[in-house]
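Okay, structure first, notes after.
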Amino acid sequence: TIDDRPDTTSEQSTSRVPPAVNEEWAQQLDNTHPFTMPAHSDDALVSRRQRGKQAKRPKPSSRPSQRSSNGSSRRKEFRVVVLCITSLIAFWLLGVEFFVVDDVAVPPAAANANATTPQRALRHAPQSTTCLSRSLPDVVVTTDVRGNLGPPRVLIQDPPGKDWIKDRWQAASNMHGTAIAGQHWVHMDLGRGVMNIQKIVLDWEAANSDDYFIVASGDQPIPTQYGMNGAAATANDGVWTLYNSSLHKTCCSSTAQSGQSPGVKFKLPLHITHELDISKVESSNVAQSIRYIKLIIRKPGKHGWGVSLWQFDVYGY
């Protein structure tokens with residue numbers, strides 16, 4: 001049957017759509033309602049997003065050239081500082097010094113008779129230290145007694161000898177080590193003047209001594225009896241003290257023992273070495289030129305045997 005009721009489908013479907021509005025009302029709805037995105041507002045939405053991104057993006061510096069120049073200037077300053085520090089370290093390691101002021105005394109002949117205070121003089125930078133006492137035949141060694149073993153020249157032989165009988169000097173009268181009475185000395189002529197004595201090494205045998213002193217002179221040999229009475233050296237005598245065991249104990253930088261003496265059955269070292277740091281003695285290098293050196297032995301060591309030396313080495317330049 002045909003339904004005579006009127007068809008209201010189109011009316012119901014059209015009744016859900018809001019009534020037509022004019023252009024002005026649509027524009028206001030687009031601007032005020034947050035969820036309304038009509039087709040004609042796509043361009044506006046994109047422009048709003050772009051404006052938001054631009055608002056969040058930090059503004060670039062208005063002075064890029066100034067910032068770049070500041071960084072470059074700081075890098076240059078850093079390089080200059082590094083170069084200066086490197087140069088100072090290099091000079092320090094190489095030991096570059098053109099002149100060194102040292103305490104040097106005027107020779108006695110040119111100085112006042114009562115003047116004993118060293119005067120300051122200018123000299124060139126120090127040379128390398130070498131052994132001055134083994135330069136045969138220029139160096140000459142003499143002693144107050146011949147002794148019963150090797151001659152005095154064995155004290156400066158190069159290389160040092162090893163023979164217990166032939167290669168050491170001893171102030172004894174027999175193989176039992178009986179000491180020759182009195183004080184003894186060893187006098188060395190270096191054959192030329194030297195500017196500085198840095199170190200002296202005394203290689204004793206078991207018959208060593210701990211009571212001795214060493215003096216030096218520039219222009220003339222040291223007198224035979226000089227220092228034998230225990231008198232101290234002074235600049236007015238033309239002789240200077242390099243080392244005194246009773247005054248400069250701290251300057252003996254090392255004492256080493258080695259080997260076994262074949263002359264006894266109990267344990268006894270073959271070598272007792274005294275290394276003397278002469279550079280630490282205040283009055284040691286006051287002469288302008290040192291040529292003569294004298295070791296004066298006051299008395300033998302604890303065993304009482306005649307003192308005995310393997311080697312008498314002098315280091316300097």
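The values are calculated or read from the model by the stated rules, or taken from the named source; none is laboratory data. Note that the coordinates shown come from a computational prediction; the quantities given were computed from them, not determined experimentally. Reconstructed Cβ throughout: ideal geometry from the backbone, glycine too, with neighbour counts over all protein chains shown. Just the protein is used for accessible areas: all its heavy atoms, side chains included, with ligands, DNA and RNA removed. Shrake-Rupley method; radii C 1.70, N 1.55, O 1.52, S 1.80 Å.
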Look through the stretch 167-181, keep the residues that are open to solvent by 20 Å² or more (accessible area, probe 1.4 Å) and in contact (Cβ under 8 Å) with a residue 24 or more places away in the chain, and return whichever of them is nearest to the chain's Cα centre (by Cα). Asp167
Among the residues in the stretch 198-213, are any open to solvent by less than 60 Å² (accessible area, probe 1.4 Å), out of contact with any helix residue (DSSP H, G or I) (no Cβ under 8 Å at 6 or more places or on another chain) and over 22 Å from Ser308 (Cβ atoms)? no
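With respect to Ile290, determine if the residue is closer than 30 Å to Ser128 by Cβ and modelled with pLDDT of 95 or more. Can you show your working first?
Values: closer than 30 Å to Ser128 by Cβ: yes; modelled with pLDDT of 95 or more: no.
For Ile290, the condition - closer than 30 Å to Ser128 by Cβ and modelled with pLDDT of 95 or more - is not met.
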Provide a single number: the residues in the stretch 227-285 that are outside any strand (DSSP E or B), under 26 Å from the mean Cα position of the chain (by Cα) and either modelled with pLDDT under 80 or not β-branched (Val, Ile, Thr) (or both). 11
In the stretch 126-166, which residues are acidic (Asp, Glu) and open to solvent by less than 30 Å² (accessible area, probe 1.4 Å)? none
